[in-house]
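Report on one structure; see the data block that follows.
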Amino acid sequence: MKRIITVQDISCVGRCSLTAALPVISALGVECAVLPTAVLSNHTAFSGFTFHDLTGELSPIMAEWKRQKFRFDALYSGYLGSKEQIALVSALIDDIRAENPSAHIIIDPAMADFGKLYTGFDDSFARAMTGLCAKADIILPNLTEASCMLGIPYKEQHTEAELHDILRRLSALGSPQTVLTGVSLHEGKLGAMVYDRERDSFYTYENDRVERQFHGTGDLFSSVVTGALVRGMTLEDSVKLAVDFVLAALRATMEDPDAHWYGVNFEAVLGMLCHASHDLHETHRYIAEGGSSLA
Ligand code: PXL
């Protein structure tokens, strides 16, 4: 079984960061090790929150992992609390690549949404996060994060040519593959666009747009992409699965009269990921037994 390490906070209530990544990545049949960067009572979009910083724990944990020679198939980082933590994740990337040169380094620069930076972040934090993204194989910014990273004004609607330009400029920051989320090329549709620098190719996948906005969908999206990629799906298929999963979770939320504003009912649709994981397992088994593809 593949093993990944995810680095992000644990918001005790809020259906984001680790409470989203763990179930999603597990459902995709991947062992999910964690490096929690902070413990919050709830995420920062609530009117108040407690924040217990765990920066002091990170170096000793990383040193022990080095001693144990743990091997990870991917590192996936999300919300980080400070520039110091960004520097530590940068060092962890070096350790992981030293142990496994083919590990996927996946960075979601989780720092902004809906046109503004999250509470507690400023431009210098955004610059440091942009620097970390340069070390990734794949980055997954939303449109707000992309504008912060490129220093351009945020807007919701873009032409295809503008999106291509944004993706090329993000890619020039360093990562060979870039996934931009919150993209809409057609009325009533929403999805993501992928740019692969080596092939100079774009791939867009959209599904229905849900007119209400919820927190935590970006974390779910990145977690699905990470788990699916590590299981051997192409980046394009991983992104398609992630868009469909987030939409299914949004629909489940809208159907729930007790739904909360702060996160989506992804638990109701986790079965989709278990099915995808099962299908991948069957495909690998078939190929291992001498077949070349499934009918
Ligand atoms: O969903 C992103 C996220 C993760 N972690 C914390 C957050 C947020 C978004 O607001 O506050 C602590």
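The values are calculated or read from the model by the stated rules, or taken from the named source; none is laboratory data. Since the model is a prediction, treat every value here as computed from it, not as a measurement. Every residue, glycine among them, receives a Cβ derived from its backbone with ideal geometry; neighbour counts consider all protein chains shown.
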Checklist entry - Quick one: how many residues across segment 1-31 are in contact (Cβ under 8 Å) with a residue 60 or more places away in the chain, away from the ligand (no atom under 13 Å from the Cβ) and in a strand (DSSP E or B)? => result 3
Checklist outcome for this item: Filtering segment 234-270 for residues that are of a type in the set (D, E, K, R) and under 13 Å from T217 (Cβ atoms) leaves a count of 2
Next on the checklist: Please go through segment 40-73 and give me each residue that is part of a helix (DSSP H, G or I) and either within 14 Å of the ligand (Cβ to nearest atom) or farther than 17 Å from V7 by Cα (or both), ordered by number.
Outcome noted: R67, Q68
Checklist entry - Among the residues of segment 107-129 satisfying the criterion of being among the charged types (D, E, K, R) and touching a Ser or Thr at 6+ places or on another chain (Cβ under 9 Å), which is nearest to L180 (Cα to Cα)? => result D108
Checklist entry - Which of the residues belonging to segment 232-253 are surrounded by fewer than 23 Cβ atoms within 10 Å (Cβ to Cβ) and in contact (Cβ under 8 Å) with a residue 60 or more places away in the chain? => result L235
Item to check | helices (runs of 4 or more DSSP H) enclosed by segment 149-255 - at least 2 residues per element that are within 16 Å of the ligand (Cβ to nearest atom), among the hydrophobic types (A, V, I, L, M, F, W, C) and at pLDDT 95 or above | outcome: 217-230, 235-255
Checklist entry - Any residue at all in segment 125-146 that is part of a helix (DSSP H, G or I), away from the ligand (no atom under 13 Å from the Cβ), in contact with a helix residue (DSSP H, G or I) (Cβ under 7 Å, 6 or more places away or on another chain) and farther than 20 Å from S77 by Cα? => result no
Checklist entry - within 16 Å of the ligand (Cβ to nearest atom), surrounded by 21 or more Cβ atoms within 10 Å (Cβ to Cβ), touching a residue at least 60 places away in the same chain (Cβ under 8 Å) and closer than 27 Å to S124 by Cβ: does that describe I107? => result yes
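Condition check ((1) more than 19 Å from the chain's Cα centre (by Cα); (2) free of Cβ contacts under 8 Å to residues at least 24 places away in the same chain) across all residues:
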| residue | (1), (2) |
| --- | --- |
| Y118 | no, no |
| D122 | yes, yes |
| T130 | no, no |
| P153 | yes, yes |
| E156 | yes, no |
| A161 | yes, yes |
| I166 | no, yes |
| R169 | yes, yes |
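Select, from I86, I96, the only residue that is assigned to a helix (DSSP H, G or I), within 16 Å of the ligand (Cβ to nearest atom) and touching a residue at least 12 places away in the same chain (Cβ under 8 Å).
I86
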Checklist entry - How about segment 197-227: which of its residues are acidic (D, E) and farther than 22 Å from L28 by Cβ? => result E198, D200, E206, D208, E211
Item to check | Residues that are hydroxyl-bearing (S, T, Y) and touching a Phe, Trp or Tyr at 6+ places or on another chain (Cβ under 8 Å), drawn from segment 218-250 | outcome: S222, S223, T226
